[in-house]
Amino acid sequence: MASRRLKTVFGVAATAIVAGIAGGWWLSAPNPVDSASLPEHVANLENGRVLYTAGGCISCHRPSAEAILAGAKADIPSGGSPLVTPLGTLYPPNITADKETGIGTWDAAAFVSAMQRGVSPEGEHYIPAFPYTSYARMKIEDVLDIRSYVMSLPAVKSPNHEATLPLEPVLRRGIGLWKLVALPKPFVPDASQSAEWNRGAYLVNGPGHCGECHTPRNALMIAQSSNSLEGGPHPDGTGKVPSLRNLIGRKVFEDTADLASALSEGEGGGYEHMSSGGMGDAQANLSHLPAADVAAIAAYLTTLK
Amino acid sequence: MDKDIDPPSLSPNSSKSKEINFGNPHKTLVGTFPETRLQTMTFIGGAPMKHSLIRAGFLFVTTAVMSVGIAFAAGALGPEREATMKSLNKEVKALSTSVKSGKFDAAKNKASADAIVAGLDHAKTLFPPGSEKAAKGTAPTIWTDRAGFDNLLTKAQEAGKGIAAATDIASLKVAVAAQGDTCKACHEKYRTANY
């Protein structure tokens, strides 16, 4: 009879839906790093400082303008400065060593889980405005050094703001599925290239996270590695991000040294397009990198065709 | 001569419209509500001689507004802004080159500094109210936060004066870096990646 067949159809459909949700739930589960898997490592604070600079941490985790007016130090990452994204407004948290409002109670595994897997100690997925899809390429030892450096900065009490996001629990869980495709593998040096080139490639694709803006994204907002650093629409929604490929061939820069000057001097060296669309923060951080690292970045970028 | 306080009738044949005498400059329309835009314009165009000053003023304002509109429409502001900014960039580049060369030329520095100050004076006139959509690359906050924008342009001019005040290569290097910082500060906030 029709009603029995209908009941069967409904039964099968309901089972499939429940199975789908359960499967999605399982697939999207947070995947934090296990403490036991971390390597033995003696912290190198100077390396941590350089990579913290290359990583641009302060550019997002800086205090808000109000906090600075109230006396907060602009160069200490106590967080709170609003980050407006197409999804909503985020408030990058306090990453100083404060135990109540910062990351003072986080162990090494929690820090690496955040930086390379995009998972919070509470088991939530971070919105990928936090560029863990680039930091995932870094060596664990380098991430541990960044942690040591950050923990050595003055601890600041600054409570975190909740993000304003639509359907937040669903959104965050959905990011768990997204990560299955979007998280890249760790950086592997190219043995046919020089140490300088490899250093530049590592800095650009790892801590520098240049591709987060300069690599175009598909409809699922995943950066397309086959179009690495080709530029495209600005992820903020307004305007374009330039291509970093064939810079010398297109006469954007005269040579590698010219590009290196542009990165470290910015507009002060008479270079254009080094300030707007977020590049100002990037250039400010680049200006504080060791000259050899800026040269390496330039050496790598100018080989891209 | 009662003041007509009822809403105007939309019918062109109502008793109210019969009072209007189109095109006659000597008929004053008092107490009659113009029912159509044509009637209003004709009323002003057909006003008696003692209102000609008002008419001239109205025509002047219309022409002025239209010219500015035409300038915007013709896209003059965008290329003008770009040319002005490029000329400023040229000066900063030349100064950066002379810092790197190690050759200090006070006269050249003064000329560059003067060009920078003058260029920024000109830039201040290129973002008038209403030009929000005139060209790409401008953040709306230029107009909603006008004080902040003007402040950064002025700071850029002060940096230019600092270049003229430099006495040797070392102080020139500091002054040029400071100039670059003012360019950056404004562009970070008020220029969008629309190029």
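Numerical summary
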item: Relative contact order computed over the range A:177-290 (Cα-Cα under 8 Å; 6+ residues apart), in percent; result: 12
item: Computed label-point distance, nm, for sites residue A:141 and residue A:288 using a 7 Å Cα→Cβ extension; result: 2.5
item: Global form of the range A:174-270, assessed from the alpha-carbon gyration tensor, a/c cut-off 1.5; result: oblate
item: Chain lengthening between residue A:42 and residue A:225 when straightened (0.36 nm per residue, less Cα-Cα); result: 62.6 nm
item: Sorted peptide list for A:64-76, A:121-133, B:79-91, criterion being average Cβ within 10 angstrom, highest first; result: A:121-133, B:79-91, A:64-76
item: Flagged links, alpha-carbon separation over 26 Å, of B:103/B:161; A:179/A:305; B:136/B:173; A:305/B:173; B:108/B:173; A:240/B:173; result: A:179/A:305; B:136/B:173; A:305/B:173; A:240/B:173
item: Average partner coverage of B:88-97, which counts Cβ from other chains inside 10 Å; result: 3
item: Backbone N under 19 Å from the residue B:101 label point (7 Å along Cα→Cβ), restricted to the range B:153-181; result: B:163-177
item: Peptide A:237-244 - average C-beta neighbours from other chains (10 Å radius); result: 3
item: Theoretical FRET efficiency, 1/(1+(r/R0)^6), r = Cβ-Cβ of residue A:218 and residue A:304, R0 25 Å, to 0.05; result: 0.75
item: Sorted by Cβ neighbour density within 10 Å, fewest at the top, the residues A:247, A:203, B:153, B:53; result: B:53, B:153, A:247, A:203
item: Residue A:196-residue B:53 FRET efficiency (beta carbon distance; Förster radius 56 Å; 0.05 resolution); result: 0.15
item: Reference-scaled alpha-carbon Rg (2.2 N^0.38 Å with N residues) for chain A; result: 1.11
item: Relative contact order (%) - chain A, alpha-carbon pairs under 8 angstrom, separation at least six; result: 18
item: Residue-averaged [θ]222 nm for chain A, counting only DSSP H segments that reach four residues, each worth -39500 (n - 2.57); result: -12500 deg cm²/dmol
item: Within 10 Å of each Cβ in B:177-189, the average number of Cβ atoms from other chains; result: 6
item: Rh by Kirkwood over Cα pairs, then Stokes-Einstein D for the range A:1-90 at 1.002 mPa s and 20 °C, µm²/s; result: 113
item: Residues of type aspartates and glutamates that residue B:86 reaches as a straight line, Cα spacing below 15 Å, ignoring anything fewer than 8 places off in the same chain; result: A:267, A:272, B:121
item: Hydrodynamic radius by Kirkwood, which averages 1/r over all alpha carbon pairs of the range A:234-293, in angstrom; result: 12.3
item: Euclidean distance of C-alpha centroids, the range A:1-80 and the range A:174-207, integer Å; result: 19
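Values quoted throughout were computed directly from the atomic coordinates according to the rules given, and no laboratory measurement underlies them. These numbers were taken from a predicted model, which means no experiment stands behind them. A quick note on method: Cβ atoms are made from the backbone with ideal geometry, for glycine too, and the neighbour counts reach across all protein chains shown.
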